[in-house]
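See below for the structure under consideration.
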Amino acid sequence: MSGHGTPIPMTSRPCGPLTGDAHVPGDKSISHRSLILGAMAVGETRITGLLEGEDVLDTAKAMRAFGATVTDHGEGKWSVQGVGVGGFAEPDNVIDCGNSGTGVRLIMGAMATSPITVTFTGDASLNGRPMGRVTDPLALFGTQAVGRDGGRLPMTLVGAADPVPVTYTVPVPSAQVKSAVLLAGLNAPGQTVVIEKEATRDHTERMLQGFGATLTVEDTDDGRVITLTGQPELQPQDIIVPRDPSSAAFPVCAAIITPGSDVLVPNIGLNPTRAGLFTTLQDMGADLTFENMREEGGEPVADLRARYSPDLKGIAVPPARAASMIDEYPVLSVVASFATGVTDMQGVKELRVKESDRIDAMAKGLRAAGVQVDEGPDWWKVTGLGAGNVPGGATVDSVLDHRIAMAFMVMGMATQKPMSVNDGSPIATSFPIFEPLMERLGAQIVRSES
Ligand code: S3P
């Protein structure tokens, strides 16, 4: 788990062109869901291309604690022998989800309608994040929760012995909340309905349908209405996990800002609920091309080529696009520093409750690197200095947040002076091969402060 070991200071130095193929790891969201739904199916689910990052490994450990047999067959191939909907056993010990908000919130949903008592904890970052957004709707099923002040972990949930189905309008744009309610609805009788005003990533809906649940989605004036029929027998699946667009964002953005670069990222998932960054980069004038568009395992996939783009312009990022790129704002703000003009990011309050307060963490680091950032509760603006003009030369606190650490490592590839982070160890939560992959492309990342 990150944040429990020795910090790993890292420095990224200005480098020459980045070139070659970047085979990024499997999608984190789909990896968590593959393990959890596999554990709730009857029979063996086989998974290829699972992300073997710490977050997902913590979810694998948790599924074992609930009674599923989870086996690592090597080279990204895993299997899960599920215990069926409602078949979770009570774990002998506390479930530690490490750094993972997705892990803990989805698992809370999955156990909430079984008559078991479970205590959850995590690292210092996760234990500071709000869980009320999940335990509030779970209470409607009959689940009880007791946690620390502010609805924070460690927290104990007592699953509902006689769950009732629920109709719930998600008050914040959150796929984790939506998914927790749907997973809880699996073991409730009748129909559970989730309404979301803004569409968020829809992997749970797609995968539930793939596992054989009866689930419909309707776009209405009130938003996306998702209706799930409870107590299905989920059928085990063979899942190919697409490569993670949120991880692809790092080599793609690095190529865009580093002179002479030309990088191909093969096989990345391009689900429209995840691909907002790439549209935004194109709007800014980035040289991106999508090759070989196809569908794999129910998800759109393509090979993405990114080339150095010296004439980027700041833009106003449409707030309606926020959910489809919510994890990509840290690295977008780095690209914005190399554009000319202001990049205006509005409607992004959720960034304040991620693995860190990402507006605060990025603003501090960007300012230390010589870039002007203005911010408010749900917005921030980066005033770009243009290609080649960003000073750099700062050490930034990565605040136990993998995406903050990786964003500043990308920045250091094109600043005038190197960029450092005090701790790169959280990178292992989502992108354990980040350093060797970036180095093979031509990056210069070393494990020490400059
Ligand atoms: C995720 C949903 C998003 C995202 C996270 C993964 C998921 O969180 O930030 O990295 O897999 O459902 P929210 O649901 O809190 O927006």
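Some values worked out for this structure:
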item	result
Looking only at segment 109-122, and only at residues there that are of a type in the set (Val, Ile, Thr) and either loosely packed, with under 15 Cβ neighbours inside 10 Å or not in a loop (DSSP other than H, G, I, E, B) (or both), the one that is nearest to the chain's Cα centre (by Cα)	THR121
Of all residues making up segment 284-316, the number that are of a type in the set (D, E, K, R) and within 21 Å of SER261 (Cα to Cα)	7
Some residue of segment 53-69 being surrounded by 22 or more Cβ atoms within 10 Å (Cβ to Cβ), in contact (Cβ under 8 Å) with a residue 60 or more places away in the chain and outside any helix (DSSP H, G or I)	yes
Subset of segment 350-379 [surrounded by fewer than 17 Cβ atoms within 10 Å (Cβ to Cβ), away from the ligand (no atom under 16 Å from the Cβ) and part of a loop (DSSP other than H, G, I, E, B)]	PRO377
Scan of segment 326-342 for residues that are out of contact with any strand residue (DSSP E or B) (no Cβ under 8 Å at 6 or more places or on another chain), among the aliphatic types (A, V, I, L, M) and either within 16 Å of the ligand (Cβ to nearest atom) or at positive phi (or both), ordered by number	ILE326, VAL331
Where VAL104 falls short, out of the listed (1) free of Cβ contacts under 8 Å to residues at least 24 places away in the same chain; (2) in contact with a strand residue (DSSP E or B) (Cβ under 7 Å, 6 or more places away or on another chain); (3) closer than 25 Å to PRO245 by Cα	(1)
Every residue from segment 145-179 that is under 19 Å from ASP96 (Cβ atoms) and within 16 Å of the ligand (Cβ to nearest atom)	GLY151, ARG152, LEU153, GLN176
Some residue of segment 47-58 being over 22 Å from the mean Cα position of the chain (by Cα), at pLDDT 95 or above and over 26 Å from SER448 (Cα atoms)	no
Identity of the residue in segment 88-132, charged (D, E, K, R) and more than 20 Å from ASN187 (Cα to Cα), that ends up farthest from the ligand (Cβ to nearest atom)	ASP92
Failed item in (1) away from the ligand (no atom under 16 Å from the Cβ); (2) touching a residue at least 12 places away in the same chain (Cβ under 8 Å); (3) among the acidic types (Asp, Glu); (4) more than 23 Å from GLU90 (Cα to Cα), with GLU218 passing the rest	(2)
Restricting segment 13-27 to residues that are crowded, with 24+ Cβ neighbours inside 10 Å and over 13 Å from the mean Cα position of the chain (by Cα), the residue that is farthest from the ligand (Cβ to nearest atom)	LEU18
All positions within segment 210-230 that are surrounded by 14 or more Cβ atoms within 10 Å (Cβ to Cβ) and over 16 Å from THR167 (Cα atoms)	GLY210, PHE211, GLY212, ALA213
Inter-residue pairs, beta-carbon under 6 Å, first under 17 Å from ILE30 (Cβ atoms) and in segment 279-307, second aromatic (Phe, Trp, Tyr), 6+ apart	ALA302/PHE290
Residue within segment 180-202 that is more than 16 Å from the ligand (Cβ to nearest atom), surrounded by fewer than 24 Cβ atoms within 10 Å (Cβ to Cβ) and under 23 Å from the mean Cα position of the chain (by Cα) present	no
Checking ILE257 against (1) over 14 Å from SER333 (Cα atoms); (2) over 18 Å from the mean Cα position of the chain (by Cα), the condition it does not meet	(1)
Pairs where the first residue, in segment 28-39, is near the ligand (Cβ under 7 Å from one of its atoms) and the second is basic (Lys, Arg), C-beta under 7 Å, 6+ apart	SER29/ARG201
Matching residues in segment 428-450 - criterion: being out of contact with any helix residue (DSSP H, G or I) (no Cβ under 8 Å at 6 or more places or on another chain), of a type in the set (A, V, I, L, M) and outside any loop (DSSP other than H, G, I, E, B)	VAL446
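Okay, residues lined up against (1) free of Cβ contacts under 8 Å to residues at least 60 places away in the same chain; (2) under 18 Å from PHE338 (Cβ atoms):
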residue	(1), (2)
GLU355	no, no
PRO391	yes, yes
HIS402	no, no
ALA407	no, yes
LEU437	no, no
VAL446	no, no
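The values are calculated or read from the model by the stated rules, or taken from the named source; none is laboratory data. Because the structure is predicted, anything quoted here is derived from the model rather than measured. Ideal geometry is used to build each Cβ from the backbone, glycine not excepted, and the neighbour counts take in all protein chains shown.
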